[in-house]
Structures are given as C-alpha cells and as structure tokens.
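Okay, so here's the structure we're looking at.
The values are calculated or read from the model by the stated rules, or taken from the named source; none is laboratory data. Quantities reported herein were computed from a predicted structural model and do not represent experimental measurements. Here the Cβ positions follow ideal geometry from the backbone for every residue, glycine too, while neighbour counts run over all protein chains shown. These accessible areas exclude ligands, DNA and RNA; they are computed on the full protein's heavy atoms, side chains included. Shrake-Rupley method; radii C 1.70, N 1.55, O 1.52, S 1.80 Å.
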Amino acid sequence: MLALLGGSASVGLAGCSALLSEEDEDEDETSEYEVSDNADKAQAAWERVLANTAPEDEAIRTDAYIEIEEAVRDDMVLLPLFHNQEERFWYDHVDVPKTGSLGAHHQQHNHTDVDGDTELNLINSTFSELDPIMSTDTASGVVVNQIYETLTQFPNGVAELENQLLEGVETSDDGLTWTFTIRDDVQFHNGEDLTADDFKYSFRRVAESEYSERANFLLETPLGLGIEYEEDDDGGVVPDSIAFEVIDDHTFEITLREPNPAVLDILAYSAFAAIPEGYVGDIEGYDGEVDHQEFETDVANGTGPFELDEFELNEEVRVVRNDNYYGTVATLESVHWEINEDPESGFTYAMERNADIFGIPTAQYDPDLIDAETDDSGRESGTYGPLENGDTVNYLAIPELSTFYLAFNVSNVPRAVRQAVAYVTDHEEVIEDLFQGRGFKAYSFTPSGMWPSGQDGYESWVDEWPYGVDETDRDGARDVLEEAGFTDDDPYELTASTYASEPAFGEFAELTRQKLSGLGVEVSNQETEFATMQNRAEDGDVEMYSLGWIWSWPNVTYGHFALEPKNTDTSRMPNEATGFYLDWHVNLEDEA
C-alpha cells in the first residue's frame with residue numbers, strides 16, 4: 001500500500017514527487033539518452049514468478065525476486081533509502097492499543113478511549129476517495145478501515161491474522177476450493193443484514209468495476225488469490241464469471257486456478273471489504289442506489305464500528321459511532337481527522353492539544369527526550385518529553401514493514417542521471433542527519449527481514465552495492481555522467497518534488513543538489529501535497545520523486561508486482577496498470 005511519511009500524519013506509499021516541466025523539447029531530449037538494459041530481465045523474472053507458484057517452486061521464485069532487485073538496482077529506477085520506524089505520540093487522556101509492523105492504518109478505534117471527551121481527534125493527509133476498491137494509500141485506508149470490514153484482519157497492524165467477518169473456512173483436499181462461513185449477526189450501517197450475496201457483489205466489483213485499482217489482487221497469483229474467471233476478447237473479465245458460488249445466506253465458496261496458502265492474508269486487504277449488494281451500479285446487472293461519484297466521497301455503507309458523517313475534501317473527515325455494531329461498540333461518539341500536510345501548523349495543532357494522537361516533525365524531534373523500553377515484538381514503548389507545551393506524552397516506536405525510496409520516471413530521466421543520484425546518496429547520512437535516526441538503512445526494495453535468500457543473502461547484497469555503502473561517491477557520479485555527455489558546462493536539469501508534510505525530504509533534495517553541483521546535473525525542488533503528487537505521477541508528469549510502500553501482508557510478491565515493467569505504464573493507470581510510476585515498460589524489447 002502506498003505510504004506517506006510525515007510528522008503530522010502517516011500515510012501508506014510515502015511520497016515525494018518530481019514534477020516534469022512540460023516544455024516540448026524535454027521529451028525529445030531525454031528519449032535519446034534513455035537506456036534501460038534490465039527492463040527485460042525484470043519482466044522475465046516476474047513472469048517466472050507467475051508461472052511457478054507451487055510450494056516446490058520456491059527456489060525459482062527466490063532467484064526471480066533477486067533478479068528483479070538486481071534489475072532495479074542496476075538500472076536505478078528506484079533507490080531504496082530507509083525502512084521506516086513508525087512513531088506515535090499521544091496524551092495521557094487517551095487509551096489506545098499498541099500498533100504493529102503492518103501500520104497504524106489497520107487500527108479500528110472502537111477500542112480507543114478519550115478521558116473527558118467523546119471525540120478522538122487526529123491528523124491526516126490529503127486523499128480523494130473512500131471506495132474500498134480505490135483505496136491504495138494509508139491516508140484513505142485509515143478512514144476506510146473504520147467504516148468497512150473484510151473477512152480477515154491484522155488487528156492494529158500486528159502481523160497476526162484473525163477473523164473479522166469470517167466465522168470459519170474449509171479447503172478442499174486439492175487446495176483449490178475454499179468454503180467460507182460468515183458471521184450471522186452483522187448488519188450494514190443502513191440496517192440490512194450481511195449475506196454471502198453481498199460478498200459476491202463486492203468481489204465482482206474488485207474484478208469488474210472500471211474504478212477498481214486492485215483487480216490483480218483477486219485475479220492474479222501469487223500476488224493475489226488467483227480466482228478462476230472467464231476472459232473476454234479484450235483481456236477483461238466476463239461479467240459474473242469469477243468462480244464465486246453462494247451456497248446459502250452465510251456460506252459461499254471460491255475456486256482458485258491453483259493452490260494458494262496466502263488466501264486468508266490477502267483477504268484482509270481493504271479492497272475485499274463487504275458493501276451491500278447493488279449499492280453502487282458500476283458492474284453489469286445493477287443500477288445502484290447511489291452513483292459512483294457519490295460513493296467516492298459523499299456516502300458510505302459498511303459494517304464497521306463507525307459510520308461516515310462528513311468528508312470535506314482537503315479539510316476534514318468525521319465518522320460517528322455505529323451503535324448497532326456486532327462487536328465491541330465504541331465508547332467514543334466520533335473520530336475526527338483534520339486534513340493538514342503542513343508540518344509546522346500540524347505540530348502547533350497538536351501542541352495546542354487539538355490532536356490526541358499525533359506525529360512529531362523531524363525539525364521538532366529530539367531523540368534525547370525518549371524514555372522507552374523494547375518489548376518482545378521489537379516495539380519501543382514509554383514516554384517522550386517534555387514537549388514545548390510542557391507535557392510529557394506516551395511514545396511508541398515500531399519497526400515498520402515498509403520501504404521509503406527515491407524513484408524516477410525512466411522515460412523522463414536518463415539512466416546516467418539516476419545512477420549519479422545513487423552514487424552521491426549516503427544512507428547513513430540521510431537517516432542520521434536528515435531524519436534524526438528514525439529509520440533503518442535500505443539497500444533493497446524488499447526489507448531485510450523478508451529478503452528471499454535470508455539474512456546472509458541480504459548481507460552479501462549490501463556488500464555488493466555498486467554505488468558505495470554509506471559514502472558520497474562524486475567521482476563515480478562524474479564518470480557515469482561524463483560518459484553520457486553531461487558536464488558542468490552542459491548539465492542535465494532534474495526536477496524533484498517533495499511533499500510538504502515532511503521537510504526532511506526537501507532537505508534531501510537540497511543535499512543531492514549540492515553533491516551533484518559541478519558534475520553535470522542541476523537539481524531543483526518543488527513541494528506538493530500527497531494527493532496532487534499521485535495524480536501527476538499517474539499522468540507520467542514526474543521526473544524524480546520520493547514515495548514509500550508499506551506491506552499489507554508479509555509476502556515478497558506484495559510489492560514486487562509494482563516493479564513489473566509492464567505494470568509501471570502510467571498511460572494505463574490507475575486501473576489497468578497498478579505499479580509504481582516508473583514507465584519502465586518503454587525500454588522493453590517488445591516496446592522499443
């Protein structure tokens with residue numbers, strides 16, 4: 001899931017983007033330099049992953065995953081920076097469960113209490129949709145998960161799977177047929193009972209709706225479930241052809257093309273949330289009670305512990321308690337998010353005690369104020385303070401299963417320029433000096449704890465990092481730039497853009513500008529809001545940008561699917577292509 005990093009809000013793709021100037025000569029200038037020798041290597045490796053999904057094929061998949069990482073590194077389409085240490089701060093009047101490595105956006109607030117108040121006040125970043133099949137970032141996800149629910153869940157983002165709307169499951173001997181029994185005591189917010197027909201409709205929307213951004217999570221394997229379905233002449237899904245059979249009101253079964261042990265993990269993803277059958281008329285056979293434009297932002301109808309009250313784009317969101325919730329009914333009457341990506345005003349908002357749970361921007365962060373101990377899950381728990389308002393607050397730090405990175409649209413930025421940025425990036429300097437130690441060095445997109453060949457394999461990977469480990473290699477940058485024809489007299493102009501909620505990324509862009517000065521690259525920086533960055537990136541209107549990825553379930557494939565070159569085609573985003581904003585496909589042999 002896309003995560004945004006910020007002192008006042010934590011959102012899932014973390015994002016800085018580079019905004020491409022639209023001068024006509026730019027496209028012609030970059031196209032003559034761009035070479036991406038490894039795109040075919042990455043594409044072939046991903047296709048091997050898809051063709052070898054059985055348990056006995058693990059060695060084949062392991063080799064393929066590493067080849068994808070090699071191709072990403074050698075073409076430098078994406079530069080991993082750090083794995084995030086997610087931190088939360090909250091006042092003593094708040095009682096909130098600890099979160100885990102999969103992120104706080106999983107947390108439902110029916111177990112959160114605020115002493116002396118009936119509303120929980122939080123800060124969030126910009127987003128523009130509440131439809132579960134469109135929610136691909138943590139900014140929307142943190143709200144969606146209050147309203148909608150799935151068969152399974154990772155409670156509070158702890159990587160221990162539990163049932164949510166699921167009562168029980170059985171699998172056939174061949175592992176292809178999964179029979180699900182759902183709870184019989186659940187109602188939607190409009191009072192209708194939850195049935196198996198609602199799940200069939202919701203799964204069909206994932207597969208068939210023109211608005212779905214996660215159809216691959218249902219149709220493909222090993223990334224997704226790999227459900228059986230019929231394909232039309234255009235490569236789409238024949239309406240009502242997914243292998244989903246309703247047995248009775250509370251039982252249904254799905255049939256997969258091949259065994260998949262990760263089914264229950266995948267079904268925890270928010271795209272598989274239940275909504276009432278026929279509520280939106282965006283698939284064949286349904287006119288809909290509401291049109292899709294309303295469903296994006298104005299109305300919602302889930303089974304979660306809170307109901308949508310109001311959503312003012314770029315301003316605020318409020319959900320109110322679902323008094324008929326089947327589980328633990330919240331003591332809170334409402335949860336409110338202030339939409340604010342400005343770190344200074346967000347920090348002031350929190351210091352004035354307007355936010356109950358909050359982040360602290362790097363500029364105001366002091367690690368010496370932490371007094372914490374590490375628990376058995378690797379979380380640091382304790383206190384932080386005093387703050388500038390005099391309060392000492394509660395503190396939690398979690399090694400998050402995430403990667404924050406610098407990436408490039410390869411059709412806009414020559415490979416030599418991309419590699420030059422990598423040569424001058426000192427990971428230790430970035431983390432310690434710019435982010436105040438709030439992360440762990442990343443030399444691969446895949447976190448070290450999930451490295452396909454184990455810890456020893458990861459250590460060998462770091463030893464072989466070609467751009468210099470924890471150093472600024474200006475000579476290496478100069479050599480690769482001169483070979484490509486870029487010099488101080490004839491430099492390449494590179495635009496970076498960082499999101500406003502975390503100024504440290506802006507400082508990184510400035511540091512990169514200084515390090516590349518005189519070598520043949522001139523870097524400029526712009527700031528943008530997260531939602532604006534996403535829209536421009538989907539249009540291919542980026543050069544160098546920083547984002548992040550947080551794993552929704554612990555599987556290497558979930559993440560690598562976004563690096564498949566054909567899946568990075570921004571002209572097909574956000575529905576037909578769902579990868580990172582790289583446009584790496586342009587350098588495939590069959591695209592040349």
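Computed with a 1.4 Å probe over protein heavy atoms only, the accessible area of residue 507 comes to about 90 Å².
When 294, 167 are compared by accessible area at a 1.4 angstrom probe, the order from most to least is 167, 294. Straight Cα distances below 27 angstrom link residue 515 to the lysines 441, with same-chain residues fewer than 8 positions distant left out. For 106, 560, the ranking by accessible surface with the largest value first comes to 106, 560, using a 1.4 Å probe. Given +1 at the Cβ of Lys and Arg, -1 at the Cβ of Asp and Glu and no other charges, the dipole of segment 105-338 around its Cα centre is 720 debye to the nearest 20. In segment 406-460, the C-alpha radius of gyration followed by the widest Cα-Cα span (Dmax) gives 13.7, 36 angstrom. The Cα center of segment 323-402 and the Cα center of segment 69-87 differ in position by 27 Å.
Per residue, the accessible area of segment 270-359 comes to 41 Å², computed with a 1.4 Å probe over protein heavy atoms only. Working note: Debye formula, equal point scatterers on the alpha-carbon atoms of segment 105-338, no solvent; log10 I(q)/I(0) at q = 0.09, 0.11, 0.14 Å⁻¹ is -0.36, -0.53, -0.87. Using the Karplus relation 6.51 cos²θ - 1.76 cosθ + 1.60 with θ = phi - 60°, the per-residue 3J(HN,Hα) values for segment 568-576 come to 9, 6, 5, 5, 10, 8, x, 9, 6 Hz, with x marking Gly and Pro. Remark: the chain carries a charge dipole of roughly 1420 debye about the Cα centre, counting +1 on each Lys and Arg Cβ and -1 on each Asp and Glu Cβ. Taking label points 7 Å from Cα along the Cα-to-Cβ direction, residue 162 and residue 230 give a separation of 4.2 nm.
If you take the Cα Rg of segment 335-438 and divide it by 2.2 N^0.38 Å, with N the number of residues, what do you get?
Dividing the Cα Rg of segment 335-438 by 2.2 N^0.38 Å gives 1.38.
The largest-to-smallest principal axis extents of the Cα set in segment 431-491 are 45, 29, 15 Å. Scaling the Cα radius of gyration of segment 394-435 by the globular reference 2.2 N^0.38 Å produces a ratio of 1.60.
With an a/c value of 1.5 or above and a/b not larger than b/c for the gyration tensor axes a ≥ b ≥ c computed over the alpha-carbon atoms, segment 371-529 is described as oblate. Please label the shape of segment 485-592 as rounded, prolate or oblate, based on the square roots a ≥ b ≥ c of the eigenvalues of the alpha-carbon gyration tensor (a/c under 1.5 means rounded; beyond that, a/b larger than b/c means prolate, else oblate). Verdict is oblate for segment 485-592. Computed with a 1.4 Å probe on the full set of protein chains, the accessible area for residue 453 sits at about 60 Å².
Report the extension gain between residue 364 and residue 377 in nm, rounded to one decimal, defined as 0.36 nm multiplied by the number of residues separating them, less their alpha carbon distance. Kindly include the intermediate steps, with their values, before the conclusion.
Details: separation 13, 0.36 × 13 = 4.68 nm, distance 2.75 nm.
My answer for the length gained is 1.9 nm.
Once you order the gyration tensor axes a ≥ b ≥ c over the Cα atoms, which shape class does segment 136-237 get: rounded for a/c under 1.5, otherwise prolate or oblate by comparing a/b with b/c? The shape class here is rounded. Dividing the convex hull volume of the alpha-carbon atoms in segment 219-342 by its residue count gives 188 Å³ per residue. Restricting the calculation to Cα atoms, every distinct pair contributes to the Kirkwood radius of segment 34-189, found to be 19.9 Å. Here is how the number arises for the chain: DSSP H runs of 4 or more residues each give -39500 (n - 2.57), the sum is divided by the residue count, and the result at 222 nm is -7000 deg cm²/dmol. From most to least packed by mean Cβ count within 10 Å, the peptides 228-239, 508-519 give 508-519, 228-239. Note on residue 472: accessible area approximately 60 square angstrom, rounded to 10, probe 1.4 Å, nucleic acids and ligands left out.
Here residue 575 and residue 257 are evaluated by their C-beta separation; at R0 = 35 Å the FRET efficiency comes out at 0.95.
A Förster distance of 45 Å, applied to the separation of the beta-carbon atoms of residue 591 and residue 290, puts the FRET efficiency at 0.65. In this label model, residue 247 and residue 535 are separated by 4.7 nm, measuring between points 7 Å along each Cα→Cβ vector. To put it simply, the accessible area of the chain at a 1.4 Å probe is 37 percent carbon and sulfur.
Tell me which label goes with the value of semi-axes √(5λ) of the Cα gyration tensor in Å computed from the coordinates here: [x] 37, 30, 22; [y] 41, 33, 23; [z] 56, 31, 28. After the calculation, the listed value that fits is [x]. What net charge is computed for the residues neighbouring residue 129, neighbours being all others with C-beta under 10 Å from the C-beta of residue 129, Lys and Arg scored +1, Asp and Glu -1? Local net charge: -4. Between residue 93 and residue 47, residue separation times 0.36 nm minus the direct Cα-Cα distance comes to 11.3 nm.
Here the alpha carbons of segment 534-592 define both size measures, Rg and Dmax, at 11.8, 35 Å.
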